Amino acid sequence: MSSKPEQKETHQANGAVLPIVPVDCVTSPNRGQLVEPSNFLGPNGDGVEVVVLESRANAKGVREEDALLENGSQSNESDDTSTDRGPEPASPLKETSFSIGLQVLFPFLLAGFGTVAAGMVLDIVQHWDVFKYVTEVFILVPALLGLKGNLEMTLASRLSTAANIGQMDTPKELWKMITGNMALIQVQATVVGFLASIAAVIFGWIPDGHFSIDHAVLLCASSVATAFIASLVLGMIMIGVIIGSRKMGINPDNVATPIAASLGDLITLALLSGISWGLYKELESKAYVNPLVCAFFIALLPIWIIIAKRNAATREVLYSGWEPVIIAMAISSVGGLILDRTVSDPNFAGMAVFTPVINGVGGNLVAVQASRISTYLHMSGMPGESSETAPRKCPSPCSTFFSSDVNSRSARVLFLLVVPGHLVFLYTISSMQGGHTTLTLIFIVFYMTAALLQVLILLYIADWMVHWMWGRDLDPDNFSIPYLTALGDLIGTGLLALSFHVLWLIGDRDSDVGD
């Protein structure tokens, strides 16, 4: 321990720099008030050397010395106003219902149109040879589209929280967050893509017992390449969106996850279709291309692992973030099984075009809510710490939707967006003659009932799950969104299939849902 007391500096409004000493060395009764120079004399009356250090701003733009003085003293208002502070980041907790709805509306509509476009693309590419003769590619669709919930939307939530709590305000911190998180999602995308191809091979083999090694390698190469490229493109887009929203004074929680969802379905499905089609064409003449593609992306894994391990923010996710990703993929596969069994019946073939929309909208809205709750909790401490903002273990529906706190307000706003949003998307599908579906009043009523019930369940589960994970020392940004979006796929597909069955039973054949 040094014999000399540690010396610091404080800034006054006139720019003068005066030294201060630690609290235990100052006998002045008011620690917020600068002591006289005589108080800096040593015990023998000799002067103590004062070293003036350059003051640096912390991540939130507040001087470190000023923050210490503010936390350690009861300084008056004049002292606070005279402190040299940088700009404080906008707090998402001061938003009104109108501002939340205004910020969410455009990304929400953009995300919805993205799911509509993905449905139309799937309606076109299903007639390609690769989808006809390698039917297991259809099994890859829900698993790879689910990557937007497992990886990209989790990345968006993680970066939004980091931006809101001031961990991306300096260029050094920004670059560190970007490199670590981009490397992390490449590791996750490669592994999940490989596991999804194995699941597709198994599910394709079980019904008829037929197995083709060429088709298995094609599925592996297509899945891994699609997951890798889609995650790379969407990750860079997410970083740009979050940085831009911060500069524009918009809460990234409100816009990042819906934009990730809007582009995720369309980009992933387009990449899967194009890559699988190209590899299928090379299957007969150049059979070595498929295993080379698969081996190339898997060989890059050690590089991304090393980069992700060097970042403390992503190191923990690299080791512990696999459970939600893999379980979410399994949950989405169950939803895909329901979809496959339903659309295989000619009476319900028209359901396919609506499934990406209802699942996408539900997943987008609950991801926004989960990201906002997670940010709210992070502003009060770290996961696992006792906090007044992480109260009950199992909230009541009234506290989730009708209380006065900011998270309940955002839940109401997001729930109210369901009906007008789906009406716009249904009209778009109808005008484009997607699925050859004619909309009737009773069909719209059943569809809206399924959509509202889906979002209602998801928002309630999000309120419980995020707080529960927080209390168990799990970061909700990394763990909650994969589960919630996968549950959105399962609940949405199940309710939509049930609606189509009920419509058929009551005889609403005029809607032509099966054409």
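Kindly state, to the nearest 0.05, the FRET efficiency for LEU441 paired with PHE113, given R0 = 22 Å and r defined as their beta-carbon distance. Could the numbers behind the result be given before it?
Details: r = 24 Å, r/R0 = 1.09.
Once rounded, the FRET efficiency stands at 0.35.
Output the Cα-based Rg and Dmax of the range 123-220 in Å, rounding Rg to one decimal and Dmax to a whole number.
18.4, 58
Find the all-direction average of the projected area of the Cα convex hull for the range 129-344, expressing the result in square nanometres with one decimal place. Intermediate results must be reported in sequence, preceding the final value.
Working: hull surface 49.3 nm².
The orientation-averaged projected area of the Cα hull of the range 129-344 comes to 12.3 nm².
Modelled label-to-label distance, VAL419 and GLU316, 7 Å Cα→beta-carbon offset: nm?
4.2
Quick check: Cα centre of the range 120-177 to Cα centre of the range 306-339, how many Å?
When both Cα centres are located, 12 Å separates them.
Could you give the length gained by full extension between ILE506 and TRP128, i.e. 0.36 nm per residue of separation minus their alpha carbon distance, to one decimal place? Spell out each step's value before the answer.
Details: separation 378, 0.36 × 378 = 136.08 nm, distance 3.56 nm.
Gain in length upon complete extension: 132.5 nm.
Test of understanding: what is the full-extension gain from MET432 to ILE306, defined as 0.36 nm times their sequence separation minus their Cα-Cα distance? Could the numbers behind the result be given before it?
Details: separation 126, 0.36 × 126 = 45.36 nm, distance 4.75 nm.
Gain in length upon complete extension: 40.6 nm.
Just to confirm, what accessible area per residue do you get for the range 129-344 at 1.4 Å probe, in whole Å²?
On the way: 8910 Å² over 216 residues.
Heavy-atom SASA per residue in the range 129-344 reads 41 Å².
Just how large is the dipole of the range 237-322 about the Cα centre, in debye to the nearest 20, putting +1 at every Lys and Arg Cβ and -1 at every Asp and Glu Cβ? Could the numbers behind the result be given before it?
Details: 7 positive and 5 negative charges, 71 e Å.
So the dipole magnitude of the range 237-322 works out to roughly 340 debye.
Provide the gained length on full extension for the span TRP175 to ALA330, in nm with one decimal, where the gain is 0.36 nm per separating residue minus the Cα-Cα distance. Provide the component values of the computation, followed by the final result.
Numbers: separation 155, 0.36 × 155 = 55.80 nm, distance 3.36 nm.
Taking TRP175 through ALA330 to full extension adds about 52.4 nm, to one decimal.
What's the magnitude of the charge dipole for the range 129-344 around its Cα centre, counting Lys and Arg as +1 and Asp and Glu as -1 at the beta-carbon? Answer in Debye, nearest 20.
Details: 13 positive and 14 negative charges, 139 e Å.
Value, rounded to 20: 660 debye.
Expressed as a rounded percentage, what relative contact order does the range 129-344 have, with Cα pairs under 8 Å and six or more residues apart? Mind showing how you got there, number by number?
On the way: 250 pairs, mean separation 73.6, N = 216.
So the answer I get is 34 percent.
I want the local charge near ILE358. Using Cβ-Cβ distances under 15 Å, sum +1 for each Lys or Arg and -1 for each Asp or Glu among the other residues.
Values: positive: none; negative: ASP265, ASP489.
Surrounding charge for ILE358 is -2.
Using r as the Cβ-Cβ distance of HIS210 and SER97, and R0 as 45 Å, what FRET efficiency do you calculate, to the nearest 0.05? Intermediate results must be reported in sequence, preceding the final value.
Numbers: r = 56 Å, r/R0 = 1.24.
For R0 = 45 Å, the calculated efficiency reads 0.20.
Output wanted: per-residue J couplings in Hz (rounded whole) for the range 178-183, from phi through Karplus 6.51 cos²θ - 1.76 cosθ + 1.60, θ = phi - 60°, x for Gly and Pro.
5, 5, x, 6, 5, 5
Lysine pairs, Cα distance under 30 Å, 8 or more residues apart or cross-chain: how many in the range 129-344?
13
Sorted by packing (mean other beta-carbon atoms within 10 Å per residue), highest first, where do 306-314, 443-451, 190-198 land?
Details: 306-314: 16.8, 443-451: 19.3, 190-198: 21.7.
So the order, starting with the most tightly packed, is 190-198, 443-451, 306-314.
The values are calculated or read from the model by the stated rules, or taken from the named source; none is laboratory data. Model, not experiment: these values are computed from the prediction. Here Cβ is always computed from backbone atoms with ideal geometry, including for glycine, and neighbour counts include all displayed protein chains. Each accessible area value is taken on the protein alone, full model and side chains, heavy atoms only, with ligands, DNA and RNA left out. Shrake-Rupley method; radii C 1.70, N 1.55, O 1.52, S 1.80 Å.
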